[in-house]
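The values are calculated or read from the model by the stated rules, or taken from the named source; none is laboratory data. Quick caveat: nothing in here was measured; it's all calculated off a predicted structure. FYI the Cβ positions are ideal-geometry reconstructions off the backbone, even for glycines, and counts take in every protein chain you see. These area figures cover heavy atoms from the full protein model, side chains too; ligands, DNA and RNA do not enter into them. Shrake-Rupley method; radii C 1.70, N 1.55, O 1.52, S 1.80 Å.
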Amino acid sequence: MFWSAGLAFLLSAAGVYLGIRIAPLSGAMAEVRPDRWHTAGMIPKLAGPGLAAGLALALPFEQWLVAAAACAIGVYDDHRRLSPIAKALLLLVPAGAAMLVTGLWWIGPAIWIAANALNLLDHADGIAAAAALAACLFGGNPDGMVAAAAIAGFLVFNLTPARSFMGDGGSLLLGTGLVMLAARQGPLASTAWLALPLADSLLVVISRLRRGQKPWIGGTDHSGHRLLRAGVSPHLLPWLYFGAAAIIVAFAAGI
């Protein structure tokens, strides 16, 4: 397990670094505005393939292929910008494939929801990766330790000030991968592992519907944005999410 985790960290970190170098050439760059809580500029968002390389050591091959398919959809979106409807429909493919390879009927809807939720949580430096890291570390799944190492390989580039963004490739991959890791312990574990992304998504959807806005149109009304406006340091924010996710997942694992 130690050697697998170490290799997962190295594969992920090397892949993310390679993505940083390639992103400006391929166009996978995010134009960041100061109102999104980061210094203005162009930030690479091609971490998905690097994360996928690390997660290959944490998932059975057929499940990794499902996660890689979700990653491919996100990477395409990072380059060409799929419409929200097109992306939602394409995510049905890995969601359906997960049902086939695991034999679990509920895992398809869970993956579709989780992938979108983690994508929404990725709105401030480090918080989505930190929440995912805690879920893998404290979820009681031995393979989660290897997945945590892969996530840590990305997080070193994603903490404030971020040198790489997760991108849709990374967030859709992680949402899918986390559900399949937690699914071995049942639906409750999957819900606990994704509790913070799900809570943030619910907050955003409700607040936008109340204002008469479309839920899928971006904004600064996420939980992280609200905490930053309340005065929480950008350097502290990821560790608040890490701690909250650790408590939730550890409690669920002990039930």
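Listed values, structure above:
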quantity	calculated
Any chance SER190 is part of a helix (DSSP H, G or I), modelled with pLDDT of 95 or more and among the polar types (S, T, N, Q)	no
Scope segment 8-23; condition of a type outside the set (Val, Ile, Thr) and either touching a residue at least 60 places away in the same chain (Cβ under 8 Å) or within 17 Å of CYS71 (Cβ to Cβ) (or both); matching residues	ALA8, PHE9, LEU10, LEU11, SER12, ALA13, ALA14, GLY15, TYR17, LEU18, GLY19, ALA23
Leading residue by the ranking (least open to solvent (accessible area, probe 1.4 Å)) among those in segment 147-171 that are out of contact with any Leu (no Cβ under 7 Å at 6 or more places or on another chain), outside any loop (DSSP other than H, G, I, E, B) and of a type in the set (A, V, I, L, M)	ALA149
Out of ALA147, ALA162, sole residue that is at pLDDT 95 or above and not hydroxyl-bearing (Ser, Thr, Tyr)	ALA147
Filter result (open to solvent by less than 90 Å² (accessible area, probe 1.4 Å), farther than 17 Å from ILE85 by Cβ and part of a loop (DSSP other than H, G, I, E, B)) within segment 207-222	GLY212, GLY219, THR220, ASP221, HIS222
